[in-house]
Amino acid sequence: MKKTRGTAEWAYRCNPEGTSLATTAHLLEEFHFLWRSLHTTAGRKTPSVQHIEVGDTIHLYFSEGGVDSYISSYLVEQPADPAADDAPAVEAVRSGPLFEILVEAGYDKDSELGSFTGFRVKRDFYPKLVEQPPRWIGRNAIARVKR
């Protein structure tokens with residue numbers, strides 16, 4: 001796997017259709033994990049997800065009732081079990097306590113890999129705040145922050 005030097009910033013919009021804010025917060029606090037499927041349901045790699053690198057910042061938003069609320073910012077860390085060579089920051093979760101919690105919470109497995117995927121993260125206590133969140137186009141949940 002290539003070494004990366006992430007400097008990009010991303011905005012990730014979660015919503016209650018996927019899971020609750022409480023479950024997302026639990027995964028972040030307990031496991032330092034932010035779920036996101038690497039592949040679409042049609043089997044193609046999600047472009048924004050595959051381009052996130054170790055060291056990038058993800059600004060997390062939760063959308064409910066048409067209102068996007070900023071939650072916190074996270075730095076992407078090296079995955080313990082990389083999901084794919086061409087997506088160096090995406091981790092595959094195939095077993096263990098985190099796997100069981102993802103099953104219980106109702107998260108979807110990656111359509112191509114058959115495992116859960118996402119990012120290992122740590123909280124960024126001094127993020128460069130996003131003045132205006134990106135415009136979410138269609139069903140896109142992750143968008144690059146332009147500075």
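Where a number appears in this text, it was derived from the coordinates with a stated rule and is not lab data. Model, not experiment: these values are computed from the prediction. As a convention, Cβ positions derive from the backbone with ideal geometry for all residues, glycine included, and neighbour counts pool all protein chains shown.
Which order results if His32, His51 are arranged by neighbouring Cβ count within 10 Å, fewest first?
Final ranking by Cβ density, sparse to dense: His32, His51.
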## Note on the structure
Taking the chain and counting helices only, DSSP H stretches of n ≥ 4 at -39,500 (n - 2.57) each over all residues, the nearest-500 ellipticity at 222 nm comes to -3500 deg cm²/dmol
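Under the classification rounded if a/c is under 1.5, otherwise prolate if a/b is larger than b/c and oblate if not, where does the stretch 23-80 fall, given a ≥ b ≥ c as square roots of the Cα gyration tensor eigenvalues? All intermediate terms of the calculation are to be shown ahead of the outcome.
Values: a/c = 1.65, a/b = 1.15, b/c = 1.43.
It comes out oblate by the Cα gyration axes.
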### Query
Taking neighbour Cβ counts within 10 Å as the exposure measure, how do Ile52, Ile142 sort from fewest upward?
Ile142, Ile52
### Query
So between His26 and Lys146, what do we pick up on full extension, going 0.36 nm a residue minus the alpha carbon distance?
40.3 nm
### Message
To make sure I understand, if each residue's beta carbon is the centre and we count other beta carbons within 10 Å, what order do Asp108, Asp68 fall in, fewest to most?
### Response
Asp108, Asp68
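For the stretch 37-117, what does the alpha-carbon gyration tensor say about shape, rounded, prolate or oblate, given a ≥ b ≥ c as the root eigenvalues, a/c under 1.5 as rounded, and a/b over b/c as prolate?
In terms of gyration-tensor shape, rounded.
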### Message
Classify the chain from the C-alpha gyration tensor, please: rounded if a/c falls under 1.5, else prolate or oblate depending on whether a/b exceeds b/c.
### Response
rounded
### Message
Per residue of the stretch 80-96, what does 6.51 cos²θ - 1.76 cosθ + 1.60 with θ = phi - 60° give for ³J(HN,Hα)? Whole Hz please, x for Gly and Pro, Karplus curve as stated.
### Response
6, 9, x, 7, 7, 4, 8, 9, x, 9, 8, 9, 9, 10, 10, 6, x
